[in-house]
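A.B. asks: The structure's right below; bear with me while I get my questions together.
Read-outs: derived from the displayed coordinates by stated rules, not from any lab. Predicted model, so just to flag it, every value in this text is computed and none were measured. When we count neighbours, we look across all protein chains shown, and the Cβ atoms used for this are built from the backbone with ideal geometry, even at glycine.
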Amino acid sequence: MSEHEESEDLRGALRGLRRATGLPVVFGGLGRDGRALRISELDGAVTRALRGLSVSAGSGLGGKCLALSRPCAVTDYASARHITHEYDGAVSAEGLRSVIAVPVVVGRRVRGVLYGALRDALPIGERVVDAAVAAAREVEQALAVREEVRRLAAEREEMRLAYGELRELVPRVTDPELRERLLAVCGRFETSSGVVGGEGGRRPAVLLTPRETDVLAAVASGATNAVVARRLGLRPETVKGYLRSAMRKLGAHTRLEAVVAARRAGALP
């Protein structure tokens, strides 16, 4: 997940919050470790005083929200007694008085803060609080989905690396029974990734030989031909031959294209 995508999630939620409440100014920022964030998105601001502002846990209203992991609000920012005032200059420059800050919490970790503000010292009503909390939940859900996608992608890549290592081991095993067991484990990787065989699995669109599969699996890990040859106990020229054959079957012109095409065709997990 890119920072640009996260910013889009935040920007959309802030726009929705402003439309739903009529707040003149909404803004917010995201962080990674729950200790700090940077204000990156503003809607309705008339100055650039808040943009890029770094907010630390415990500092100001947003920092209090960050530290306590709960919504916080003040009716008059400049005179509020229960917050610190490191950011009074920026808040005053934008002409803000009444401010609410709501945390964005993903997996028990505060990932950011959404703010809504009035230019008058008026109490923040329950309707605005509820809308701000709902906007924060919207961002939380989007971030949680993106984090899960990243986690699954990392797990899949780890599985592919393990698969490649197993394929490298198979040719070195002289015991027929052990070799068959290793191939069966490789088959389980293939079935679990949904690329070949198994109940409900689909057969590969391109049939590679076992050696071609071994070579491509090693290439997929980033290995050079020389490294692949050493791992598989082959000569570099032989590796090139298997690779050329696989590329021809896959309609690929480069090593990377061959790996991508093999995965799309279901010949590699």
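A.B. asks: Kindly rank 255-266, 149-160 from highest to lowest mean number of other beta carbons found within 10 Å of each residue.
C.D. replies: Working: 255-266: 18.7, 149-160: 11.7.
In decreasing order of mean packing, 255-266, 149-160 become 255-266, 149-160.
A.B. asks: Can you give me the long-range amide H partners of V25? Hydrogens built in the peptide plane at 1.01 Å from N, cutoff under 5 Å, separation of 5 or more residues or another chain.
C.D. replies: A117
A.B. asks: Right, another one. Out of (i) 1.24; (ii) 0.99; (iii) 1.06, which label holds the value of Rg/Rh (Cα atoms, Kirkwood Rh) that was computed here?
C.D. replies: Of the listed options (i) 1.24; (ii) 0.99; (iii) 1.06, (i) comes from this structure.
A.B. asks: Quick check on the exposure proxy: order V139, V133, V170 from fewest to most C-beta atoms within 10 angstrom. Numbers along the way, then the final one.
C.D. replies: On the way: V139 25, V133 16, V170 19.
So the ranking, lowest neighbour count to highest, is V133, V170, V139.
A.B. asks: Give, as ranges by residue number, the residues of region 1-43 whose backbone N falls under 11 Å from the point 7 Å along Cα→Cβ of S69.
C.D. replies: 34
A.B. asks: Also: What percent does the relative contact order of region 1-144 come to when contacts are Cα pairs within less than 8 Å and at least six residues apart? Working shown, then result.
C.D. replies: Details: 311 pairs, mean separation 36.2, N = 144.
Answer for region 1-144 is 25 percent.
A.B. asks: For E86, which sequence-distant residues (separation of 5 or more, or a different chain) have an amide H within less than 5 Å of its own amide H, given hydrogens modelled in the peptide plane?
C.D. replies: Sorted by chain and number, the residues that satisfy this are G60.
A.B. asks: Related question: Counting only the backbone N, which residues of region 32-48 are under 18 Å from the spot 7 Å out from the Cα of E5 toward its beta-carbon?
C.D. replies: In region 32-48, the label zone of E5 (backbone N under 18 Å from the point 7 Å along Cα→Cβ) covers 32.
A.B. asks: Taking H as built 1.01 Å from N, whose amide H comes closer than 5 Å to the amide H of R111, not counting residues under 5 places away?
C.D. replies: When sequence neighbours closer than 5 places are left aside, the close amide H contacts are V104, V105, V106.
A.B. asks: Can you tell me the alpha carbon radius of gyration of region 3-149 divided by the globular rule-of-thumb value 2.2 N^0.38 Å?
C.D. replies: Working: Rg = 13.7 Å, N = 147, 2.2 N^0.38 = 14.7 Å.
The reported ratio for this selection is 0.93.
A.B. asks: Measure nothing but the geometry: give the 0 to 90° angle between the long axis through the Cα atoms of 255-265 and the longest principal axis through the Cα atoms of the chain, rounded to 10°.
C.D. replies: 90
A.B. asks: What is the spin-label model distance, in nm, from H85 to L161 if the labels are put 7 Å beyond Cα along the C-beta direction?
C.D. replies: A separation of 5.3 nm, rounded to one decimal place.
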